[in-house]
Amino acid sequence: MSSPIEQERKNRWIDVHAHVLPMRVIEALRRNPKPYGVAVEGGEGKFVFTFGSRRINRPTFANLVDEELFFEQQASRVAEGLDREVVSIWSEIPGYELPPDQGAAWCRLFNEELSRFISDHPKPLPLVGLGLAPLQSGERGARELEHAVQNCGLKGILITANPPEVPLDGEDLEPFWSCAEELGATLFVHPAVGCVPGLDQPYYLGNVVGVPTETTFTAARMVASGLLDRHPRLNVLLAHGGGFLPYQIGRLGYLVNKDRPKGAFGFRCQRPATEYLRMFYYDTLLYDSDNLRRLAQQVGSSQLLAGSDYPFPTYDDQLLETIQGAGLSRRETDDILFWNAVRLLGLQA
Ligand SMILES: [Zn+2]
């Protein structure tokens, strides 16, 4: 029989997928945009960013930048047992299109302000941060990742999936991947809207189809390029249950096998494709208990972590019901809700 303390622990859960954009970041950019090459316009929660000459037309929204609103909703979630929240940036603004110097300055500003935001707000629950790194340069990316983890106390970074400016399997990024392995940092691969053009009209399918497609493409490319063979200790957390990759892994494996004698398709991966699935971590954002159970059976429940996408419109407020309704054992469910996050992020239980 478990002790009362163990029982209490079992009812706690950690949300690894939430977003915040501290207002101090916006204020710093408004005061002095030059060192970063990032301009901000707008107000009342709706801010529009321009990185170099690229304007991000989708504005922010109040819950993302308004601290009071952000923490108001947190209080009710704490009552449900939410123990810690892992916060990362809005994935549309990583700034990969900036020159490396400005990109590094932008990432450092965000990482330092996120760190301050976390220490300024120990209540209603402790926050854990994932920062940013300038992936337009492998060397600079490694340096900023190191600063984020060692000096800012962050646990890793968010990587925007399938960024048009940066091939994530490019040779230039090798120092970054090596550094991430060395630090044991968590790399949260999170899509932005927009890689598959024309999906948002007349229906909102950019979010339904385009977003998981971007994650699928990035994860498949990490496999196909041999990146995970070169860096098998990377801790890559895929958003939204890994997109479509788990469901389509047979297709990738089939083509990789067919390609083996000649190599005409360019695959550089060495292992059976299904083995790579177990090298990734996945959040639980599938909104469907049956699919979550299948994913757990396919990749192992040790690879799944609870994630809600708070405070976006896709925020899963039925997350606990979805996980607890997946028909997994009590131990597997507890791992997904709490212990896997403790292990991956090196948190104190
Ligand atoms: Zn998200």
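The values are calculated or read from the model by the stated rules, or taken from the named source; none is laboratory data. The structure displayed is predicted, hence computed values, not measured ones. Quick reminder, even Gly has a Cβ in these numbers, built from the backbone with ideal geometry, and neighbours come from all protein chains shown.
Figures for the structure shown
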quantity: Residue 75 in a helix (DSSP H, G or I), touching a Phe, Trp or Tyr at 6+ places or on another chain (Cβ under 6 Å) and surrounded by fewer than 24 Cβ atoms within 10 Å (Cβ to Cβ); calculated: no
quantity: Number of positions in the range 143-165 that are surrounded by fewer than 22 Cβ atoms within 10 Å (Cβ to Cβ), modelled with pLDDT of 95 or more and in contact with a Phe, Trp or Tyr (Cβ under 6 Å, 6 or more places away or on another chain); calculated: 0
quantity: Hits in the range 222-248 - residues which are assigned to a loop (DSSP other than H, G, I, E, B), more than 16 Å from the ligand (Cβ to nearest atom) and over 19 Å from residue 177 (Cβ atoms); calculated: 244
quantity: When residues of the range 309-318 are limited to those that are within 16 Å of the ligand (Cβ to nearest atom) and in a loop (DSSP other than H, G, I, E, B), the one surrounded by the fewest Cβ atoms within 10 Å (Cβ to Cβ); calculated: 313
quantity: Test: residue in the range 319-339 that is within 14 Å of the ligand (Cβ to nearest atom) and either surrounded by 15 or more Cβ atoms within 10 Å (Cβ to Cβ) or under 20 Å from residue 85 (Cα atoms) (or both); calculated: yes
quantity: Close pairs (9 angstrom Cβ cut-off, 6 or more residues apart or separate chains): of a type in the set (A, V, I, L, M, F, W, C) in the range 305-317, part of a loop (DSSP other than H, G, I, E, B) anywhere; calculated: 305/284; 306/284; 312/61; 312/90
quantity: Neighbours by Cβ (under 9 Å, 6+ apart or cross-chain): first from the range 16-39, free of Cβ contacts under 8 Å to residues at least 24 places away in the same chain and in a strand (DSSP E or B); second of a type in the set (Phe, Trp, Tyr) and crowded, with 16+ Cβ neighbours inside 10 Å; calculated: 39/49; 39/51
quantity: Some residue of the range 254-270 being buried (at least 19 other Cβ atoms within 10 Å of the Cβ), within 16 Å of the ligand (Cβ to nearest atom) and part of a helix (DSSP H, G or I); calculated: no
quantity: Scope the range 294-308; condition in a loop (DSSP other than H, G, I, E, B) and within 19 Å of the chain's Cα centre (by Cα); matching residues; calculated: 306, 307, 308
quantity: Residues of the range 78-95 that turn out to be more than 20 Å from residue 340 (Cα to Cα) and within 16 Å of the ligand (Cβ to nearest atom), as a count; calculated: 6
